1. Could you count how many residues in the range 103-124 are open to solvent by 50 Å² or more (accessible area, probe 1.4 Å) and of a type in the set (K, R)?
2. Which one of these does H205 not meet: (1) modelled with pLDDT of 85 or more; (2) closer than 19 Å to E17 by Cβ; (3) open to solvent by less than 90 Å² (accessible area, probe 1.4 Å)?
3. Within the range 23-38, does at least one residue satisfy the condition of being over 20 Å from A196 (Cα atoms), among the small types (G, A, S), open to solvent by 20 Å² or more (accessible area, probe 1.4 Å) and modelled with pLDDT of 80 or more?
4. Name the residues in the range 140-162 that are surrounded by 10 or more Cβ atoms within 10 Å (Cβ to Cβ), modelled with pLDDT of 75 or more and part of a loop (DSSP other than H, G, I, E, B), would you?
5. If I filter the range 79-102 down to residues being of a type in the set (A, V, I, L, M, F, W, C), open to solvent by 10 Å² or more (accessible area, probe 1.4 Å) and within 19 Å of the chain's Cα centre (by Cα), which single residue comes out as modelled with the highest pLDDT?
6. What about G168, is it exposed (fewer than 12 other Cβ atoms within 10 Å of the Cβ) and either at pLDDT 80 or above or farther than 17 Å from N104 by Cα (or both)?
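The values are calculated or read from the model by the stated rules, or taken from the named source; none is laboratory data. Source: prediction; values computed, not measured. Glycine gets a Cβ as well: all are built from the backbone with ideal geometry, and neighbour counts include every protein chain shown. Heavy atoms of the whole protein, side chains included, go into the accessibility calculation; ligands, DNA and RNA do not. Shrake-Rupley method; radii C 1.70, N 1.55, O 1.52, S 1.80 Å.
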Amino acid sequence: MIAIGCGAGVWQLRRAETKIALAANLAARQQMPILSANAGPWTLEEAGERRMTARGRYIPEAAIWLDNRPRPIPAGGAGNAAQAGFFVMMPFRLEGGNEVLWVNRGWAPRNNESRESLPPIETPTGLISIEGLVFAHPGKVYALGSEKSDIDPNKPRIAQNFDLEREGLLHGWSQAPFILRLEEMGVADGLLREWAPLTTGVDRHYAYAFQWFALAFAGFLFWLISGLRQYWRSNVARGQGE
């Protein structure tokens with residue numbers, strides 16, 4: 001019990017340290033010069049976790065609605081983090097070429113009465129400029145089975161996870177090897193983009209670590225008190241025998 005408690009406590013502390021390190025690295029990379037997707041091509045190693053601008057047009061008919069995504073709650077913000085909804089992944093064709101950049105436009109609430117109903121959102125139809133942060137993927141959730149193979153890639157669809165390579169094969173597009181998480185605020189398009197910081201949950205890891213260390217300490221006290229009682233009883237028995 002002591003070994004398990006100490007091991008689990010150390011593991012929780014390491015998870016907290018990892019989140020803090022990732023957040024510090026993200027903050028440092030955001031201070032680097034802003035990249036332009038149109039000036040690419042860029043690799044994930046070059047652009048990962050950096051700010052990037054892009055100019056082009058959305059392709060709304062090929063949007064993917066990622067299901068079972070909790071509402072993003074910023075640090076100190078208000079809202080129900082348990083509310084489930086969608087991340088709206090939409091391809092964005094870059095101006096001056098054929099390359100497509102997948103964009104996580106934000107979060108939209110799910111209709112709890114009709115899971116197949118998609119909430120209304122506004123999508124610009126013309127040439128626009130956008131800005132966001134570059135990530136390898138929009139995050140993954142546990143999914144039972146795999147997505148249907150007989151899908152129409154030219155119609156909006158609901159999916160559990162996003163596979164960038166698979167989408168490139170389905171559409172035959174030349175794609176950027178990363179996604180752009182939109183950072184626009186105050187745009188009335190029906191989507192939320194108040195992204196939670198990477199350090200979210202650090203306090204929870206510290207709380208779990210305290211609980212595990214407390215369990216280990218309780219196990220140590222139990223071992224110590226039981227040992228002392230056994231030692232005392234053996235001494236009493238020995239004294240009575242003499």
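1. Pass one, the range 103-124, residues open to solvent by 50 Å² or more (accessible area, probe 1.4 Å): 109, 111-113, 115-116, 118, 120, 122, 124.
If we keep only those that are of a type in the set (K, R) as well, we get 115.
Final tally of qualifying residues: 1.
2. (1)
3. At the first step, the residues of the range 23-38 found to be over 20 Å from A196 (Cα atoms) are 32-38.
From the residues that got through so far, the ones that are among the small types (G, A, S) too are 36-37.
Among the residues that remain, those that are also open to solvent by 20 Å² or more (accessible area, probe 1.4 Å) are: 36.
Restricting the remaining residues to those that are modelled with pLDDT of 80 or more gives 36.
Within the range 23-38 (the criterion being over 20 Å from A196 (Cα atoms), among the small types (G, A, S), open to solvent by 20 Å² or more (accessible area, probe 1.4 Å) and modelled with pLDDT of 80 or more), the answer is yes, since at least one residue qualifies.
4. To start, the set of residues in the range 140-162 that are surrounded by 10 or more Cβ atoms within 10 Å (Cβ to Cβ) comprises 140-141, 143, 147, 151-154, 156-162.
Narrowing the set further to residues that are modelled with pLDDT of 75 or more leaves 140-141, 151-154, 156-162.
Matches in the range 140-162: K140, V141, I151, D152, P153, N154, P156, Q160, N161, F162.
5. Applying the first criterion (of a type in the set (A, V, I, L, M, F, W, C)) to the range 79-102 yields 81-82, 84, 86-90, 92, 94, 100-102.
Subset that is open to solvent by 10 Å² or more (accessible area, probe 1.4 Å): 81-82, 84, 87, 94.
Among the residues that remain, those that are also within 19 Å of the chain's Cα centre (by Cα) are: 81-82, 84, 87.
Values: A81: 56, A82: 61, A84: 82, F87: 93.
Restricting to residues being of a type in the set (A, V, I, L, M, F, W, C), open to solvent by 10 Å² or more (accessible area, probe 1.4 Å) and within 19 Å of the chain's Cα centre (by Cα), the top hit is F87.
6. no
Residue by residue, here is whether (1) modelled with pLDDT of 85 or more; (2) within 17 Å of V100 (Cα to Cα); (3) touching a Cys at 6+ places or on another chain (Cβ under 8 Å); (4) part of a loop (DSSP other than H, G, I, E, B) holds:
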| site | (1), (2), (3), (4) |
| --- | --- |
| I179 | yes, yes, no, no |
| D189 | yes, no, no, yes |
| T199 | no, no, no, yes |
| Q211 | yes, no, no, no |
| G219 | yes, no, no, no |
| V236 | no, no, no, no |
| Q240 | no, no, no, no |
